[in-house]
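Just below is one structure, and these are the notes that go with it.
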Amino acid sequence: MPVLFISDLHLCEARPAIAALFFDFLASRVLGKAEELVILGDLFEYWIGDEDLDLAFNRAVADGIRRVADGGTRVSLMHGNRDFLLGARFCEASGAALLPDPTARELFGAATLLMHGDTLCTDDTAYLQFRAMVRDPAWQRAFLAQPVAARRRQAEDARGRSESEKQAKSAEIMDVNPAAVENVLRAHGYPRLIHGHTHRPARHAHLVDAHACERWVLPDWYETGGYLECDAAGCRALAV
């Protein structure tokens, strides 16, 4: 059976149609039909800590993933730039296993590197500074020590600022840096690379030190959904 890859769903109560599409995807394309489902970050629009499981919508998402896991499909999850506080409680509820970013593995005999993709956007220095701050364990401990309501207000404020800042940034700054991609491919032995984050789905061919590498960028799920299906014959981008 194939391995399926998704990212950048940004699930939230405000977008019920996309949530319904995700639940249908789990039931029709994943359950009993895939060896593994790999979620490469930003499953949720934001995550303030595993207390977010107390919200009915988020619990329903965890329950949907749990049904897939209980049905025999392995589920792996990588943190994104919006849901980097997904923790042990969510993993226990959903049956998903957290992956480090990056993760290298053999995928049907092909060396493959999995990333969320935000660390490849090295031209966006302001974002990388913010990322370094919020990924610091001390910052996370201080944030998680705050009341849930205060954390939620901060997350909403940060989301609003992020959307405003995007309007002032060029498309090139928010895309991957070619040299960063080449450096990652070189450092990991010229693998296939699969990532999300940029919301620019495509297959890219890279020639690095005379090694041919392919890079798959996963689609977001804002207007519709999509996924990457990989098996022994290779990878294919499919719509849901």
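Points to keep in mind about this one:
- Test: residue in region 141-155 that is surrounded by 14 or more Cβ atoms within 10 Å (Cβ to Cβ) and outside any helix (DSSP H, G or I): yes
- Those residues of region 177-206 which are in contact (Cβ under 8 Å) with a residue 40 or more places away in the chain, under 22 Å from Gly234 (Cβ atoms) and of a type in the set (A, V, I, L, M), in sequence order: Val181, Val184, Leu185, Leu193, Ile194
- Those residues of region 96-118 which are without any contact (Cβ under 8 Å) to a residue 60 or more places away in the chain and either of a type in the set (Val, Ile, Thr) or in a loop (DSSP other than H, G, I, E, B) (or both), in sequence order: Ala96, Pro100, Thr103
- Residues being more than 25 Å from Asp50 (Cβ to Cβ), of a type in the set (Val, Ile, Thr) and surrounded by 11 or more Cβ atoms within 10 Å (Cβ to Cβ) - total across region 123-136: 0
- Complete set of residues in region 117-126 that are within 17 Å of the chain's Cα centre (by Cα) and at negative phi: Asp118, Thr119, Leu120, Cys121
- Yes/no for Ile173 being in a helix (DSSP H, G or I) and either loosely packed, with under 13 Cβ neighbours inside 10 Å or out of contact with any Pro (no Cβ under 9 Å at 6 or more places or on another chain) (or both): no
- Yes/no for Arg66 being among the charged types (D, E, K, R), touching a helix residue (DSSP H, G or I) at 6+ places or on another chain (Cβ under 9 Å), over 24 Å from Asn177 (Cα atoms) and at pLDDT 95 or above: yes
- With respect to the conditions (1) without any contact (Cβ under 8 Å) to a residue 60 or more places away in the chain; (2) of a type outside the set (Phe, Trp, Tyr); (3) surrounded by 13 or more Cβ atoms within 10 Å (Cβ to Cβ), Glu223 lacks only one, and its number is (3).
- Scanning region 171-222 for residues that are farther than 19 Å from Asn81 by Cβ and of a type in the set (A, V, I, L, M) returns Ala179, Leu185, Ala187, Ala202, Ala205, Leu207, Val208, Ala210, Ala212.
- Residue ID - nearest to Tyr127 (Cα to Cα), chosen from residues in region 168-190 that are in contact with a Cys (Cβ under 7 Å, 6 or more places away or on another chain) and not β-branched (Val, Ile, Thr): Met174
- Output for region 74-122, where each listed residue is within 28 Å of Glu156 (Cβ to Cβ), surrounded by fewer than 17 Cβ atoms within 10 Å (Cβ to Cβ) and charged (D, E, K, R): Arg89, Glu92
- Cβ-Cβ under 7 Å pairs, at least 6 apart or on other chains, region 122-151 side over 25 Å from Ala171 (Cα atoms), far side assigned to a helix (DSSP H, G or I) and of a type in the set (Phe, Trp, Tyr): Arg151/Phe143
Residues are listed down the side, and each one gets a yes or a no for (1) modelled with pLDDT under 95; (2) of a type outside the set (Val, Ile, Thr); (3) part of a loop (DSSP other than H, G, I, E, B); (4) surrounded by fewer than 11 Cβ atoms within 10 Å (Cβ to Cβ):
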site: Ala138; (1), (2), (3), (4): no, yes, no, yes
site: Arg159; (1), (2), (3), (4): yes, yes, no, no
site: Lys166; (1), (2), (3), (4): yes, yes, no, no
site: Arg186; (1), (2), (3), (4): no, yes, no, no
site: Ile194; (1), (2), (3), (4): no, no, no, no
site: His204; (1), (2), (3), (4): no, yes, no, no
site: Glu214; (1), (2), (3), (4): no, yes, no, no
site: Cys230; (1), (2), (3), (4): no, yes, no, no
site: Ala237; (1), (2), (3), (4): no, yes, no, no
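- Restricting region 67-106 to residues that are of a type in the set (Lys, Arg) and over 11 Å from the mean Cα position of the chain (by Cα), the residue that is farthest from Ala233 (Cα to Cα): Arg89
The values are calculated or read from the model by the stated rules, or taken from the named source; none is laboratory data. No experiment lies behind these values; they were computed from the predicted model shown. Neighbour counts are summed over all protein chains in view; Cβ atoms, including those assigned to glycine, are modelled from backbone coordinates with ideal geometry.
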